[in-house]
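Chemist: Got a structure for you, questions after.
The values are calculated or read from the model by the stated rules, or taken from the named source; none is laboratory data. Quick caveat: nothing in here was measured; it's all calculated off a predicted structure. As a convention, Cβ positions derive from the backbone with ideal geometry for all residues, glycine included, and neighbour counts pool all protein chains shown. With ligands, DNA and RNA removed, areas are computed over all heavy atoms of the protein, side chains included. Shrake-Rupley method; radii C 1.70, N 1.55, O 1.52, S 1.80 Å.
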Amino acid sequence: MTGFNTRAIHAGQEPDPRTGAVAVPIYATSTYKQDGVGGLREGYEYSRSANPTRTALEEALAALENGVRGLAFASGLAAEDTLLRTVCRPGDHVILPGDAYGGTFRLVARVLTNWGVEYTPVPLADLDAVRAAIRPSTKVIWCETPTNPLLGIADIEALAGIAHEAGARLVVDNTFASPYLQQPIALGADVVVHSTTKYLGGHSDVVGGALIAADATLGDELAFHQNAMGAIAGPFDSWLVLRGIKTLGVRMDRHCTNAGAVVDFLTAHPAVSSVLYPGLPSHPNHDVAARQMSGFGGMVSFTLKGGEETALKVCGLVSLFTLGESLGGVESLIEHPGRMTHASVAGSPLEVPNDLVRLSVGIEDIGDLIDDLTSALA
Ligand code: PLP
């Protein structure tokens, strides 16, 4: 098999056979001419079922995650909804991370429960607690590692073992690490989920999602539901993610280096009470992160001695870091999870500390990023 960066540029992206176009064309078409009734050209009949630009992205996604089938969706949550309603039936049970991304928690707790799915939030770093939460009806252990926004780390290989012993599937949301830093299928995951909005797209210009299945049977079931439920990625969005993927490796290297420097700065700063980053030896699961990740990523969270008031002030005082939701783009972002991305879990067991600030460290010059944080924290 070729190396990661070669696959990122070439998998699914052969030059166009008709014109030789090196970049995959954006096939802005809803339907395809048939050569006589049922005479499909290369299987394309209608763009909800399949579109060549989306196919290119789906093949690239499968190649990068070492899965057998990639599927591209309109958003990360569309991918999650399709997955859960493929592998669960009313009455089934899902184990969620104790600090799951708020949107995943809301999808399960406020939408899928109406459909009869049951769930238990569990701190996934506590493997005994995960074992204790398993029921005969458990179909999915949902793992996010690192987690959003607390940067918790779960042991993918150990969770795969627990899930499979119970006849359940391990799903890994690999959005924060990206396939460049972490390969969940090689560690035993059955399905990988992405918000391609983040590092895979990488330029804050597209909303999208992906599923990558480790086996062909599940891949076929997911593809059936993708078409039946219809939450597909359109051709232009697919093309944007495909273009982003080509530079994933070089971007991730720079995200990791810049985040490491920001972590060093914050750790030494007197206004900061704690820094959450899997690369820190003081992180409770640093050894697991070091084993299963090839770098620690671009996301950094920290708490402030001055509490919520100071956290909100810092978010308003930065100028190069942009105050905004989302993450994983080339530009640095700052946010207050309690009031912004994670407001939907306020009052639930997943509520986040109100003195927490989350950074998505971009790929700008590190000196400028540190200068910006220095003046905001002064
Ligand atoms: N998973 C994680 C870890 C996320 O951070 C997000 C969005 O922030 C999602 C899933 C949902 O993705 P989307 O916003 O593309 O629907």
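Chemist: In region 336-376, how many residues are surrounded by 13 or more Cβ atoms within 10 Å (Cβ to Cβ), more than 22 Å from the chain's Cα centre (by Cα) and in a helix (DSSP H, G or I)?
Modeler: Matching residues across region 336-376 total 7.
Chemist: Could you check how many residues of region 198-235 are away from the ligand (no atom under 16 Å from the Cβ) and either hydrophobic (A, V, I, L, M, F, W, C) or closer than 26 Å to Arg251 by Cβ (or both)?
Modeler: Residues meeting the conditions: 9.
Chemist: Of all residues in region 110-166, count the ones that are within 16 Å of the ligand (Cβ to nearest atom), open to solvent by 10 Å² or more (accessible area, probe 1.4 Å) and in a helix (DSSP H, G or I).
Modeler: Residues flagged as within 16 Å of the ligand (Cβ to nearest atom), open to solvent by 10 Å² or more (accessible area, probe 1.4 Å) and in a helix (DSSP H, G or I) within region 110-166 amount to 2.
Chemist: Next up: Considering only region 198-234, state which residues are closer than 23 Å to Tyr46 by Cβ, assigned to a helix (DSSP H, G or I), open to solvent by less than 40 Å² (accessible area, probe 1.4 Å) and not polar (S, T, N, Q).
Modeler: Result: Gly219, Leu222, Ala223, His225.
Chemist: Consider Ser195 carefully, then state whether it is touching a Gly at 6+ places or on another chain (Cβ under 9 Å), polar (S, T, N, Q), within 11 Å of the ligand (Cβ to nearest atom) and open to solvent by 10 Å² or more (accessible area, probe 1.4 Å).
Modeler: yes
Chemist: Answer with yes or no whether Ala100 is part of a loop (DSSP other than H, G, I, E, B), within 14 Å of the ligand (Cβ to nearest atom) and under 22 Å from Leu170 (Cβ atoms).
Modeler: When the stated conditions are applied, Ala100 passes them.
Chemist: Let me ask something else. Tell me, which residue of region 313-327 that is small (Gly, Ala, Ser) and away from the ligand (no atom under 16 Å from the Cβ) is nearest to Ile363 (Cα to Cα)?
Modeler: Here is the first cut: in region 313-327, the residues small (Gly, Ala, Ser) are 316, 319, 324, 326.
Remaining after also requiring away from the ligand (no atom under 16 Å from the Cβ): 316, 319.
On the way: Gly316: 21, Ser319: 16 Å.
Per the criteria, the residue is Ser319.
Chemist: Please list, ordered by first then second residue, the pairs with beta carbon atoms under 9 Å, 6 or more apart or interchain, first in region 3-14 and assigned to a helix (DSSP H, G or I), second of a type in the set (A, V, I, L, M) and at pLDDT below 95.
Modeler: Listed pairs, sorted by first residue: Arg7/Met1.
Chemist: Now, a different point. Tell me yes or no: at least one residue of region 34-42 is outside any helix (DSSP H, G or I), touching a helix residue (DSSP H, G or I) at 6+ places or on another chain (Cβ under 9 Å) and acidic (Asp, Glu).
Modeler: Yes: one or more hits.
Chemist: Filter region 167-192 down to the residues that are of a type outside the set (S, T, N, Q), in a loop (DSSP other than H, G, I, E, B) and more than 11 Å from the ligand (Cβ to nearest atom) and list them by number. Spell out how you get there, then give the answer.
Modeler: Taking region 167-192 as the starting set, the residues that turn out to be of a type outside the set (S, T, N, Q) are 167-173, 176-177, 179-181, 184-192.
Subsequent filtering for residues that are in a loop (DSSP other than H, G, I, E, B) retains 167-168, 176-177, 188-190.
Of everything in region 167-192, those that are of a type outside the set (S, T, N, Q), in a loop (DSSP other than H, G, I, E, B) and more than 11 Å from the ligand (Cβ to nearest atom) turn out to be Gly167, Ala168, Gly188, Ala189, Asp190.
Chemist: I'd like to know if region 71-79 contains one or more residues that are assigned to a helix (DSSP H, G or I), within 16 Å of the ligand (Cβ to nearest atom) and within 15 Å of Glu221 (Cβ to Cβ).
Modeler: Yes, there is a match, as at least one residue in region 71-79 is assigned to a helix (DSSP H, G or I), within 16 Å of the ligand (Cβ to nearest atom) and within 15 Å of Glu221 (Cβ to Cβ).
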